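Down below is the structure, laid out as structure tokens.
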Amino acid sequence: MTIYQSGQINTNSLNVPDLYVQVLKPQNIALNDVSTGRIGLVGTATWGPVGTPVIVGSMGDCLSAFGPKQALASDIGTAVNIAIMQGASDFRCVRVSDGTDAAATGTLDGVSLTAMHTGSAGNALSATLVADPIITTHYTLSISHATLGSRSYRGTTWAVLATAVAADSMALVRIGLPSTVPALAAGSVTLAGGADGAAPTTAAFLGTDGATRTGLYALRGQGCALGILAGVSDSTSWTTQAAFGLGEGVYMIACGPAGDGIASAVAAKAAAGLDSYAVKLMFGDWLWWNDDTNGTMLVPPQAFVAGLLGGLSPERSSLNKELYGAIGSQKAGLVSGGTSQTYSTAELSALFAAGIDVICNPAPGGSYWAVRGGISTSSDGVSDDDSYTRLTNYLAETLNAGMGAFVGEVISATLFGDIRAVLLGTLSNMAASGILASASWAVVCDATNNPQAETALGYVRADVQVRYQGINRFFVVNLQGGASVTLAAATAG
């Protein structure tokens, strides 16, 4: 007897009588869900690789990867901080620069130490070389930073230390040895000369989409459901963001410039030709935020919205959900200042009719900061809600991630049945988790929509229809009062 794995034996070519055990793969009855809360964030930082997506799951991760926060609208750390407060916990962050970024450097006895990454955070890196108090030929090189952490290396020569540093994937510096390497000697140095390059252009934020991807395009294939170009309010970027969002299944959260007016915002959107369910455009009424590092800051609304949506299931809208950490807005002023100017119905109507959303206080549910419209920039009333974009992307990405396994299979009734089973199982699981309503889908994959003329050419088609759950946007309560009102027995309480 011989045991074979699935596909290792051709049962039609057997000529020796024997027992053949073939281990088959478990039946795939549903697809694995894709992430609906991952945020792709492009911004500036005081440390970290430029143009490379970095996984961040907490503020500790962010500070270690990108250094201390800065009081900038484009700062990655600030945006991550705000988004985490709203419920987000999964980020892919890409640092951009204006090209003037530089790595901090220092020397110990002619041996050069260069910060692993560019940025001003490197200027606080200290390197200390001390001899072992017992074995004096052994030295310890310690590299430390209050935010980035510390790394230590032991060796008897600079060459040994340089090798140890080069082998450390978490190293904070690189060591450059001179042609004549000195003997080890105790000493210390603080690196200097690091620069952030923290004023990148819109083009730098968008990046390039070639063999080496940078900026926004570095987020391709990262599985992001939401996207932010932190602090970018340039209307010329909006249609590019829309194209990226459509192609990657990413809901891009854009914004207008700080202190914008409603009329100018409406005009800018029209001039840009922006009309897409892939982009949510926030009005340029920026928010005041009390940062734990930089104090009171005026920040763009993007991270609040992305963080909120990142913590919500894909069938839900941002409309009327409470936001945390905002202490005022440009229109309302600082809460501590006692001002509370609000939006009129006419102002909100003008924004929403143009496909522009806004964060304000109060909300329909009470006196708290919230997204007031829950809409995208689409002019189609069927596809202009957050939930349409997010659920459509979720369904499409889930199918795209798993249905490719059927390519290359023999076209038969069995294949049709297997495809239907996986699709129905996947949709049923979504209903069980509340993403879809019960029995709100239809799947056809059989001979009726796969005629022989098409299957003979290798085509197989599965037609999937899914009815989404609506969002309560216009809640009407009919109240009838008076002494003459006659109560219906079935509704009297």
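None of the figures in this text is laboratory data; all of them are computed from the coordinates on show. Not measured: the values here are computed from a predicted model. Here the Cβ positions follow ideal geometry from the backbone for every residue, glycine too, while neighbour counts run over all protein chains shown.
By counting other Cβ atoms within 10 Å of each Cβ, how are Lys69, Lys321 ranked from fewest to most?
Neighbour counts put them in this order, fewest first: Lys321, Lys69.
How large is the Kirkwood hydrodynamic radius of the stretch 105-190, in angstrom, based on all distinct alpha carbon pairs?
Kirkwood radius, the stretch 105-190: 12.9 Å.
So what are the ³J(HN,Hα) numbers for the stretch 407-423, from phi and the Karplus equation (6.51, -1.76, 1.60; θ = phi - 60°), rounded to whole Hz, Gly and Pro as x?
3J(HN,Hα) across the stretch 407-423, in whole Hz: 5, x, 7, 5, 6, 7, 4, 5, 4, 4, x, 5, 4, 4, 4, 5, 5.
How would Val56, Val181 line up from fewest to most surrounding beta-carbon atoms within 10 angstrom? Before the final figure, lay out the partial values.
Details: Val56 24, Val181 14.
Result, fewest neighbours first: Val181, Val56.
Among Ala131, Gln465, Ala437, which residue has its Cα furthest toward the positive end of the charge dipole of the chain, with +1 on Lys/Arg Cβ and -1 on Asp/Glu Cβ?
The listed residue farthest towards the positive side: Ala131.
Towards the positive end of the charge dipole of the chain, with charges on Cβ (+1 Lys, Arg; -1 Asp, Glu), say which of Leu108, Thr398, Ala186 has the farthest Cα.
Ala186
Report the Rg/Rh value for the chain, based on alpha-carbon coordinates and the Kirkwood definition of Rh.
Checking Rg against Rh, the ratio lands at 1.09.
May I ask you to give the average projected area over all directions of the convex hull of the Cα atoms of the stretch 192-305, in nm² rounded to one decimal?
9.0
Any idea which of Ala350, Tyr388, Pro300 is furthest toward the positive side of the dipole for the chain, if Lys and Arg beta-carbons carry +1 and Asp and Glu beta-carbons -1?
Of the candidates, Pro300 comes out farthest on the positive side.
What does the net charge come to around Tyr368 if you take all other residues with beta carbon closer than 15 Å to its beta carbon, with K and R at +1 and D and E at -1?
Neighbourhood net charge equals +1.
Where nothing but the Cβ of Lys and Arg (+1) and of Asp and Glu (-1) is charged, how large is the charge dipole of the stretch 409-493 around its Cα centre, in debye to the nearest 20?
The calculated dipole for the stretch 409-493 is roughly 420 debye.
By how many nm would the segment from Thr100 to Leu415 lengthen if fully extended, with 0.36 nm per residue of separation less the alpha-carbon distance? Please report the intermediate quantities before stating the final value.
On the way: separation 315, 0.36 × 315 = 113.40 nm, distance 5.70 nm.
Working it through step by step, the gained length comes to 107.7 nm.
About its Cα centre, what dipole magnitude does the chain give when the only charges are +1 on Lys and Arg Cβ and -1 on Asp and Glu Cβ, stated in debye to the nearest 20?
340
Going by C-beta contacts inside 10 Å, put Met430, Met403, Met252, Met170 in order with the fewest on the left.
Met170, Met403, Met430, Met252
Jot down the per residue volume, in cubic angstrom and as a whole number, of the convex hull over the alpha-carbon atoms of the stretch 409-493.
Hull volume over Cα atoms, normalised by residue count, gives 181 Å³.
Amide H to amide H under 5 Å from Leu184: which residues, 5+ apart in sequence or cross-chain, H placed 1.01 Å off N in plane?
Trp158
Could you tally the net charge around Glu315, taking each other residue with its Cβ under 12 Å from the Cβ of Glu315, Lys/Arg +1 and Asp/Glu -1?
Local charge sum for Glu315: +1.
Report, as a whole number in µm² per second, the diffusion coefficient that Stokes-Einstein gives for the stretch 59-165 at 20 °C and 1.002 mPa s using the Kirkwood radius over alpha carbon pairs.
The estimated diffusion coefficient comes to 133 µm²/s.
Among residues other than Asp101 whose Cβ falls under 12 Å from its Cβ, what is the net charge (Lys/Arg +1, Asp/Glu -1)?
Values: positive: Arg95; negative: Asp98, Asp196.
Charge balance in the 12 Å sphere: -1.
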